[in-house]
2 protein chains.
Amino acid sequence: MKRNLHIVKIGGNIIDNPEKLSGFLKDFSKIKEPKILVHGGGKIATDIAEKMGIKQKMIDGRRVTDSDTLRIISMVYAGLINKNIVAELSANGNSALGLSGVDADSILATRRPTNPIDFGFVGDVHKVNGESINKILDIGFVPVFCAITHDGKGQLLNTNADTIANAISTEMSENYNCFLYYCFEKKGVLENIEDDNSVISKITPNDYETLKQEGKIFQGMIPKIDNAFSAIKKGVKAVYIMRAEELYSSFLTKKYNGTKISEY
Amino acid sequence: MKRNLHIVKIGGNIIDNPEKLSGFLKDFSKIKEPKILVHGGGKIATDIAEKMGIKQKMIDGRRVTDSDTLRIISMVYAGLINKNIVAELSANGNSALGLSGVDADSILATRRPTNPIDFGFVGDVHKVNGESINKILDIGFVPVFCAITHDGKGQLLNTNADTIANAISTEMSENYNCFLYYCFEKKGVLENIEDDNSVISKITPNDYETLKQEGKIFQGMIPKIDNAFSAIKKGVKAVYIMRAEELYSSFLTKKYNGTKISEY
């Protein structure tokens, strides 16, 4: 019988708030079943780029990763944020292992084509090395991934953290019952953006079409939900979009207050 | 019978020279027996501190690690340098795993007492977790350590890379025949600092005393050699101080051109 594996992604807003992050890590550390953490980057990289006088270029609201920016991202994501998260998990009794997609050759990506838009050193996931991640889980470590991958030829690449969480969940579904949690500062997907309590408890593909047509699902949420449906189609058992603070209580009560993305 | 394990430390001068570093990594990747790489930091951290306007304070030629400097060190050592080294090793066919002492709880340190001199967030190695490193070696990964440790309570600490290489070699000697290589830009310990070819091929404790009395062994070299002798006393089979470029040819020919530190 397959064991459960919980893949939890925390977003930038949690990373940017040391108190919230600590609380979250304390909760995450209590999860007893096999688990993987994937973290985003937050605003630190932008702050540091500014201090170093490296101009950040945005196209359609997305960051262009030139070589200076890639250096900053490698430093901030894989160094500063990742190691501090691992240190906190360790203090909470978890033997965590900080990883980028380069480590243990775990996530191979392809540099995004420069046409029509050149986003620089941005990579789209090509292959998750399930065998490597399995080995790490089997020896009892808790993998903590930052959102950096590589092309297998020595080049680091900047990759979206949601996509990484999705790709890992999908790949690991071969050996585990995978559950994917997108944890952020809101309670879930909201029916009315101005009402924090208007959480939609479940979204099926049919609901999704209606919600998009009604304009209730926003630009930033669309790739997240698309991602979630694609994960479910590829074998992930369930995807939750939820408030970081509610992750552990959800585990205890088996009652998920966020939004469940479900095929039916 | 114990297997061999090669622990190689590369210094800052190699890190600062991308061509030399690439050549070295190509060579290192060809070593077939179990191996561990430990890398120093080079000048990049100082350059970045300068760009960010963070003043570096030195006492007796040693860097004081205040909290801003610790952030930079975490970024540069564990992020930028470590991940680029791992990516290159991966491109050369090694499944490398970038680690700090925080990861897999591998190196625990104690913050250095602030009296008589407060060096800030500097840690002295307290315990190397041989069990964790063993597990990583057993599943076939090549550990690549940067010089960051932790106190087990969530605090990262800056630790000397030579000391880390030494402490790992000593701890791993329980299960392996450990060989420790300090690779840097010179051919070995020189009898005459102005003559690059005056390499002392072997130093025993007796030789060492004489060389120190004659003033032939310099300030920076003393802790390195002290370290080497302490490693040998604790079971490490041999310690070499050598030019990075000669590591692999030495492996092939079993003839070490650098300085061998030996008990007799």
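For the reader, a short list of remarks on this structure follows.
- Gain in span if fully extended, A:Met52 to A:Asp118, counting 0.36 nm per residue against the direct Cα distance: 21.5 nm
- Accessible area (Å², 1.4 Å probe, nearest 10) - A:Lys20: 80
- Think of it as helices only: each DSSP H run of n ≥ 4 in the protein assembly as shown is worth -39500 (n - 2.57), and spread over all residues that comes to -10000 deg cm²/dmol at 222 nm.
- Cα gyration tensor shape for the protein assembly as shown, rounded if a/c is under 1.5, else prolate or oblate: prolate
- Among A:Tyr77, A:Tyr208, A:Tyr240: highest mean-square fluctuation, GNM of chain A, C-alpha pairs under 10 Å: A:Tyr208
- Label positions at B:Lys26 and A:Ile193, each projected 7 Å from the Cα along the C-beta direction, are separated by 5.3 nm.
- Area accessible to solvent at B:Thr210, 1.4 Å probe radius, in Å²: 70
- Modelled spin-label separation between A:Glu19 and A:Lys127, with each label point placed 7 Å from Cα along the Cα-to-Cβ direction: 4.7 nm.
- For region B:74-114 versus region A:154-223, the inter-centroid distance based on Cα atoms is 32 Å.
- Label spacing, shortest first and in nm, from B:Asp66 to its equivalents in the remaining copies (7 angstrom along Cα→Cβ): 3.1
- Stokes-Einstein translational diffusion, region A:112-264 - Kirkwood Rh over all Cα pairs, 0.890 mPa s, 25 °C, in µm²/s: 145
- Contact surface B-A: accessible area buried, both sides summed, square angstrom, 1.4 angstrom probe: 3100
- Per residue of peptide A:147-156, the mean number of Cβ atoms on other chains within 10 Å of the residue Cβ is 4.
- FRET efficiency for the pair A:Asp68 and A:Thr110, taken as 1/(1 + (r/R0)^6) with r the Cβ-Cβ distance and R0 = 22 Å, rounds to 0.50.
- Taking label points 7 Å from Cα along the Cα-to-Cβ direction, A:Ser230 and B:Ile222 give a separation of 6.1 nm.
- FRET efficiency for A:Lys212 and A:Lys254, using Cβ-Cβ distance with R0 set to 45 Å, rounded to 0.05: 0.90
- Among A:Ile168, A:Ile15, A:Ile48, the residue with the largest mean-square fluctuation in a Gaussian network model of chain A, with springs joining Cα atoms closer than 10 Å, is A:Ile48.
- Within a Gaussian network of chain B (alpha carbon springs, distance under 10 Å), most fluctuating of B:Val239, B:Val199, B:Val122: B:Val199
- With the label put 7 angstrom out from Cα along the Cα-to-Cβ vector, B:Ile31 ends up 3.7 nm from the copy partners, going from closest to farthest.
- Inter-chain Cβ neighbour count for B:43-54, averaged per residue, equals 2 (cutoff 10 Å, partner chain atoms only).
- Rounded to the nearest 10 Å², the accessible area of B:Glu191 at probe 1.4 Å: 90
- Residue-by-residue Karplus 3J(HN,Hα) for region B:56-69, coefficients 6.51, -1.76, 1.60, Hz, glycine and proline x: 9, 9, 10, 10, 6, x, 10, 6, 8, 9, 7, 5, 5, 5
- Which of B:Phe119, B:Ala109, B:Ile59, positive extreme of dipole for region B:57-139 (C-beta unit charges): B:Ile59
- Per-copy distances of the B:Ser249 label point, shortest first, in nm (7 angstrom along Cα→Cβ): 6.7
The values are calculated or read from the model by the stated rules, or taken from the named source; none is laboratory data. Note that the structure is a prediction, hence the values are computed from the model and not measured. Quick reminder, even Gly has a Cβ in these numbers, built from the backbone with ideal geometry, and neighbours come from all protein chains shown. Just the protein is used for accessible areas: all its heavy atoms, side chains included, with ligands, DNA and RNA removed. Shrake-Rupley method; radii C 1.70, N 1.55, O 1.52, S 1.80 Å.
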